[in-house]
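The values are calculated or read from the model by the stated rules, or taken from the named source; none is laboratory data. Quantities reported herein were computed from a predicted structural model and do not represent experimental measurements. Cβ coordinates were reconstructed from backbone atoms using ideal geometry, including for glycine residues, and neighbour counts include every protein chain displayed. These accessible areas exclude ligands, DNA and RNA; they are computed on the full protein's heavy atoms, side chains included. Shrake-Rupley method; radii C 1.70, N 1.55, O 1.52, S 1.80 Å.
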There are 2 protein chains.
Amino acid sequence: MPDRSLIFPASEYRQRIARLQAQLAAKDCDALLLTSAADIFYTTGFLTRFWESPARPWFVIVPAQGDPIAVIPSIGADLMGRTWMPDIRTWNAPDPRDDGVTLLSDSLREVTPETGRIATPMGLETHLRMPLADYHAVQHSIAPRQFVDGTDVIQRVREIKSDPEITKIHDICQIADRAFARVPEFAMAGKGIDAIFRDFQIALLTQGADWVSYVAGGAGQGGYGDVISPAPATPLAKGDILMLDTGAVKDGYFCDFDRNFTVGTPNAATARCHDALWHATQDALEQLRPGMTARDLWAILNNGLTGRGATPLGGRLGHGLGITLTEWPSLTPLDDTELRSGMVLTLEPGAVVEGDRILVHEENIVLRDDGPELLTTRAPQTLMTLAE
Amino acid sequence: MPDRSLIFPASEYRQRIARLQAQLAAKDCDALLLTSAADIFYTTGFLTRFWESPARPWFVIVPAQGDPIAVIPSIGADLMGRTWMPDIRTWNAPDPRDDGVTLLSDSLREVTPETGRIATPMGLETHLRMPLADYHAVQHSIAPRQFVDGTDVIQRVREIKSDPEITKIHDICQIADRAFARVPEFAMAGKGIDAIFRDFQIALLTQGADWVSYVAGGAGQGGYGDVISPAPATPLAKGDILMLDTGAVKDGYFCDFDRNFTVGTPNAATARCHDALWHATQDALEQLRPGMTARDLWAILNNGLTGRGATPLGGRLGHGLGITLTEWPSLTPLDDTELRSGMVLTLEPGAVVEGDRILVHEENIVLRDDGPELLTTRAPQTLMTLAE
């Protein structure tokens, strides 16, 4: 098989490792331990849907100097062997006696001094993807070395996308753009929303997505009730607003944006709300600059809504995007992450139409030195129409 | 929207909670804390693909007596409100100051005595899906209460499927059966393997899958090199064996099985290897009974291969199946889990054809009092043929 697992040339990964090692040095850490699908894909290029199986843990160690080490189940040796990774160590997992604990502990001891500090992500938007009891066993085995919070180490690096990464995200955004353009062909009054969700996934695959990790949406009279539900069998009806939201994947990179459609002419409140969402997004596209914080961008979107008489939703109004469906930062009044050139973000203002009906609008951008550049084809200013 | 989130009637969930509470009593625990998508779906019926976003943690507490409590981000309140769950507590996540830590700690303190033992999964095939630093903060906040390993509490309950669950798994197996039957229509010599993977996902959706969480496979002369890779663009060639493996999803339940196809007449070594895999599976279908262990079933499959001159792969030869792509137990010589009536399992013998070429065969079964019942339509005894 050709080398499909290595999404980028080795130089791309070496640059990432160098940036992670600069972070380790700045934080006086001796190594970084990574356990999540995204972090392991980021450092190695190891891409597989096999993460769906919770059976086995996978590890990458980035020492303060030198090459990273993959410590993985032997079922992954062939695929990891086709990446750039120079040092791959395997065990036959799952092993109830010792599921990689000894191999991981030995590897950590090998590359760190006895008083070493080993960073691993522990903060917001991170998880430790290994059994907790095994983490405690490793902790005990490598003492007096200590684990410390490495959230910043990985997040400050991953959040700045390289040009090849931005191209990948642009590619999948374009695939989803083409799929959204087909929606009026298969979504119309009388068709079950579950059938529409299915056809939308088929359209994404037909347009070139490798797979579809996320489709959600909503439909209801003048707006919808939530944005994370699976599809009901209810047929779409005149007066409904249909929202489809997708995180489709190409070469391991996600898009994450939605589009809204109206079955027939929308009522005045819905049209007004949609107009406020569109213009609030426009405000962000015009005003956002590097050096602002996530909170500043939230304020542009939030004020763009309130200034036009709309009631913003209380949750975040956008977030980072890349090798997971959502990444930090969060566009909320509480997130003071600095927005820098090279960050890929979603602008996702949402507002209440009436009662429990809401609308949510979403675009994907990359922040450049002179401001945002759209990765999605901008949604039209008025709601797109489906056949009654 | 109709009540699609509640896959089963409330009585099904009440029975599950009663069984979990019996386990808690047997282990002298005061509550169970669950954090994973599967465990939360199992106890509540809360089904969403939103777990693709790592941004927010979600919690369910099962006290030793009384109703369970959902402690979740407010973005999920609408969907959780449509499940059977009687007690739902929310916070506006993500919140960098306190992302549910106080709400979770307060809720745990409310339902447990000060000397309480709170079970949470820490063992093989489990992860803690919340930031590690927040787990430590909760641990500190609820002291002198202690977290203890609750792996057995959840696994001994979840591994025995109810009849409604078995029906759901059978449904998705039948959907995949129909999709596999269509493979010769879109897979033939000269077509790129990536295009075949895409068409196979489309076939799964067309046949009724809600979504496709997993497709992997391999293709190569007389056999393939690994079974977890994404698809390359290489065209399928005469003499290739194509394997497609899928974990498609319907109502939150997975199938997990593969099928093998030959482009033209297979060579003798490949045909012999496939025959050994088919007959080893047949041995298991005939000999497996409740009361055997996972190790016993591994031995039936392994001996079925070696007895026919085949060289078994070193990894597990099957595993549990249900609401994740793979569940415990693992069919290895090290797993002594008792196989009981109501367990759903994959039989997945794999063997070396020659050199680095392998073949893997897979069926899904439910174990009944009198032996296995197939959930998949049995693979034909000889390799299915694709056009040259």
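Listed values, structure above:
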item	result
Reduced Cα scattering model of the stretch B:289-345, Debye log10 I(q)/I(0), q = 0.18, 0.20, 0.30, 0.31 Å⁻¹	-0.59, -0.71, -1.20, -1.24
Alpha-carbon Rg/Rh ratio, for the protein assembly as shown, with Rh computed the Kirkwood way	0.95
Cβ nearest the rotation axis (A onto B), residue from chain A and distance to the nearest whole Å	A:202, 3
Beta bridge orientation in chain B: antiparallel %, DSSP, nearest 5	75
The stretch B:332-388 - convex hull of the alpha-carbon atoms, volume per residue in Å³	121
Other copies of residue B:185: label-to-label distances in nm, shortest first, labels 7 Å along the beta-carbon direction	1.8
Other-copy label distances relative to residue B:373, 7 angstrom Cα-Cβ extension, nm	5.9
GNM top mover of B:286, B:52, B:327 - chain B, alpha-carbon springs below 10 Å	B:52
Highest-fluctuation residue, B:138, B:153, B:215 considered, GNM on chain B with Cα pairs under 10 Å	B:138
Among B:130, B:243, B:188: highest mean-square fluctuation, GNM of chain B, C-alpha pairs under 10 Å	B:130
Quarter of Cα convex hull surface for the stretch A:81-161, i.e. mean projection, nm²	6.8
For the stretch B:359-375, Karplus couplings with θ = phi - 60° (6.51, -1.76, 1.60), whole Hz, Gly/Pro x	10, 10, 10, 8, 10, 10, 9, 10, 7, 10, 3, 9, x, x, 10, 5, 9
Where B meets A: accessible area buried, both sides, 1.4 Å probe, Å²	6500
Order of exposure, largest accessible area first, which applies to A:182, A:129 with probe 1.4 Å	A:182, A:129
Qualifying trypsin sites (Lys or Arg not before Pro) for the stretch A:80-118 [loop in DSSP, other Cβ within 10 Å: at most 16]	A:97
Set B:27/B:161; A:250/B:191; A:161/B:250; A:250/B:238 screened for pairs whose C-alpha atoms are more than 25 Å apart	A:161/B:250; A:250/B:238
Alpha-carbon radius of gyration plus Dmax, which is the widest Cα pair, for the stretch B:1-105 in Å	13.6, 42
Equivalent-ellipsoid semi-axes of chain A, from the Cα gyration tensor, Å, largest first	41, 23, 18
P(r) tail fraction, the stretch B:210-278 - alpha-carbon pairs more than 16 Å apart, %	52
Largest-first principal axis extents, alpha carbons of the stretch B:163-386, Å	48, 41, 24
Inter-copy separations for residue B:341, label at 7 Å along Cα-Cβ, nm, ascending	7.1
Accessible area of the protein assembly as shown divided out per residue, in Å², using a probe of 1.4 angstrom	32
